[in-house]
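*Asks:* Can you read through this structure? Questions will come right after.
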Amino acid sequence: MPENKSAVSTLIQEVLADPDLAHDDVFRRLLQAGLQDLVDAEATAVIGADRYERTEKRTNRRNGTRAKRLATTAGEVDLAIPKLRTGSFFPSLLSPRKRVDKALYAVICTAWIEGVSTRKVDDLVKALGNESGISKATVSRVCKDIDEGVHEFLSRPLDHTWFPYLFVDATYVDVRLGHRVVSQALVVATGVSAQGRREILGMSVGDAETTDFWTAFLRSLRERGLKVPTDQDPEGVVLVTSDAHWGIKNAVKAILPGASWQRCRVHFARNVTSKLGSARSKPVNALISTIFAQTTREAVIDTYKQVTASLRSSFPEIAEMLVEAEPDLTAFAAFPREHWQKIWSNNPIERLNREIKRRTDVVQVFPDRDSVTRLVGAVLQEQHEEWQYGERRYLSETSLRRLTHILHEQAETTHPIMAITA
């Protein structure tokens, strides 16, 4: 059997034979040789046998190699990644650059070319491990690949299932439009499918959260196949959860008929705090929270009325807020008890917004709207995949079957979801 020497041992013999080799080049080649040995070792473990080795543990065979260039602090190194006869192999130590990191890279490239925040962009380029800069051809190629993937994701059909629950929210990013830096509304919609899994449904960038903007956004979801309940088929969006922005509420009424609107209880508590101040609002919000501690729809409604009455004398403005918000704050109570904690606030999508802000804050000022869609779309696509393949179900199959049964049972009534009992 031929002797299989490692890349490191081969390089050491070469250095011993020629001591005058440049030290910098030796270090780069030593790093390359060490990485190659690790790649080959992992391939051997996956295959169950080394090159030319016969073993009962073998599960696959090598089928040539493919080149992989890796940027390191010692310079670029060229590696040979083994190909397999069946399946694929990529060494874990060379984790492929994530789609989000590619998107961030593309945003940085675009910002560099447009002359936006040159000093900060320079720091970001170095942080990505690219000391020598980037070419316009590289920018164009990377952006094209990302844009195609993001566009396909954000425009995919939504008729593969139905989404009983929809969550919408907005955050703001700074974008350079013309010669000015302006704040732009970035809106995102997520849904819980009939299988109990969360999905990213769409995103859009606009000047402000107007009724027209939200209406156009929700209409785009409908055009892609988002279902609404009908007398013949009650399976569709039956509840939308968001903050109390008037643009969202008006758009839901216009585009998602048959869906109730749940005002986020967390946002309502913040409204109370902004009205009374931090110190005075604590006992009031604690009292209001007792509404959400109930276990039946009837108890929720009764407690709501009791809390409202108890606040009339000491906090009349809060009591009035509760009166006006009653149908919206208690919409969750018309659905299965197991779902309440998951649908009465916008917390899930706010966590997603925090991740978006973490990424966008690195860029600070986007050179254009396309770069916003590129980066945020990539963030959303990766989160969507994690929810689909890595996260346990957001809602159980049993509770969703109960919701489905109730919706179909009440399909003959004028307002089917109002008859749901907890």
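The values are calculated or read from the model by the stated rules, or taken from the named source; none is laboratory data. Note that the structure is predicted; figures quoted are calculated from it, not measured. Every residue, glycine among them, receives a Cβ derived from its backbone with ideal geometry; neighbour counts consider all protein chains shown.
*Asks:* Would you pick out the residues in the stretch 216-229 that are outside any helix (DSSP H, G or I) and surrounded by 15 or more Cβ atoms within 10 Å (Cβ to Cβ)?
*Replies:* Selection gives ARG224, LEU226, LYS227, VAL228, PRO229.
*Asks:* If you check PHE163 against the conditions, is it part of a loop (DSSP other than H, G, I, E, B) and under 23 Å from VAL238 (Cβ atoms)? Even if it seems obvious, please write down each step before you answer.
*Replies:* On the way: part of a loop (DSSP other than H, G, I, E, B): yes; under 23 Å from VAL238 (Cβ atoms): yes.
Judged against the criteria, PHE163 is a match.
*Asks:* Of the residues THR59, THR161, THR118, only one is surrounded by fewer than 13 Cβ atoms within 10 Å (Cβ to Cβ) and modelled with pLDDT of 65 or more; which?
*Replies:* After applying the criteria, what remains is THR59.
To keep it simple, each residue is scored yes or no on (1) modelled with pLDDT of 70 or more; (2) in contact with a Lys or Arg (Cβ under 7 Å, 6 or more places away or on another chain); (3) part of a loop (DSSP other than H, G, I, E, B); (4) not polar (S, T, N, Q).
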site	(1), (2), (3), (4)
ILE12	no, no, no, yes
ASP20	no, no, yes, yes
LEU31	yes, no, no, yes
GLN36	yes, no, no, no
VAL39	yes, no, no, yes
ALA43	yes, no, no, yes
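*Asks:* In the stretch 255-265, what count of residues is obtained for those that are buried (at least 20 other Cβ atoms within 10 Å of the Cβ) and either aliphatic (A, V, I, L, M) or outside any helix (DSSP H, G or I) (or both)?
*Replies:* 7
*Asks:* Could we say that ARG359 is among the basic types (Lys, Arg) and within 27 Å of GLY206 (Cα to Cα) here?
*Replies:* So ARG359 fits the description; yes.
*Asks:* Restricting attention to the stretch 285-300, which residues are in a helix (DSSP H, G or I) and either of a type outside the set (A, V, I, L, M, F, W, C) or touching a helix residue (DSSP H, G or I) at 6+ places or on another chain (Cβ under 7 Å) (or both)? Step through it out loud before you land on a result.
*Replies:* Filtering the stretch 285-300 down to residues in a helix (DSSP H, G or I) leaves 285-293, 297-300.
Selection gives ASN285, LEU287, ILE288, SER289, THR290, ILE291, PHE292, ARG297, GLU298, VAL300.
*Asks:* Out of ALA309, ALA299, report the one residue that is at pLDDT 95 or above, exposed (fewer than 13 other Cβ atoms within 10 Å of the Cβ), outside the structural domain of PHE217 (by TED's automatic domain parsing) and not polar (S, T, N, Q).
*Replies:* Matching residue, one of ALA309, ALA299: ALA309.
*Asks:* Okay, moving on. Looking only at the stretch 313-341, count every residue that is under 24 Å from the mean Cα position of the chain (by Cα) and buried (at least 20 other Cβ atoms within 10 Å of the Cβ) and tell me the total.
*Replies:* The qualifying residues number 1.
*Asks:* Here's something else I'd like to know. Does the stretch 285-296 hold any residues that are surrounded by 12 or more Cβ atoms within 10 Å (Cβ to Cβ) and β-branched (Val, Ile, Thr), and which are they?
*Replies:* If we filter the stretch 285-296 for residues that are surrounded by 12 or more Cβ atoms within 10 Å (Cβ to Cβ), which is where we start, we get 285, 287-292, 294, 296.
Across the stretch 285-296, the qualifying residues are ILE288, THR290, ILE291, THR296.
A quick yes/no check of all residues on (1) assigned to a helix (DSSP H, G or I); (2) buried (at least 21 other Cβ atoms within 10 Å of the Cβ); (3) of a type in the set (Lys, Arg):
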| site | (1), (2), (3) |
| --- | --- |
| ALA189 | no, yes, no |
| ALA194 | no, no, no |
| ALA208 | no, no, no |
| TRP214 | yes, yes, no |
| ALA244 | no, no, no |
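*Asks:* Still on this model: Working only within the stretch 356-369, note down all residues that are buried (at least 16 other Cβ atoms within 10 Å of the Cβ) and either in a helix (DSSP H, G or I) or hydroxyl-bearing (Ser, Thr, Tyr) (or both).
*Replies:* ILE356, ARG359, THR360, VAL363, ARG369
Here's the yes/no breakdown for (1) surrounded by fewer than 20 Cβ atoms within 10 Å (Cβ to Cβ); (2) part of a loop (DSSP other than H, G, I, E, B); (3) at pLDDT below 90:
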site	(1), (2), (3)
ASP231	yes, yes, yes
THR241	no, no, no
LYS253	yes, no, no
HIS267	yes, no, no
ASN271	yes, no, no
PRO283	yes, no, no
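*Asks:* Return a yes/no flag: does the stretch 293-302 have any residue that is within 30 Å of the chain's Cα centre (by Cα) and farther than 24 Å from THR398 by Cβ.
*Replies:* No, because not a single residue in the stretch 293-302 is within 30 Å of the chain's Cα centre (by Cα) and farther than 24 Å from THR398 by Cβ.
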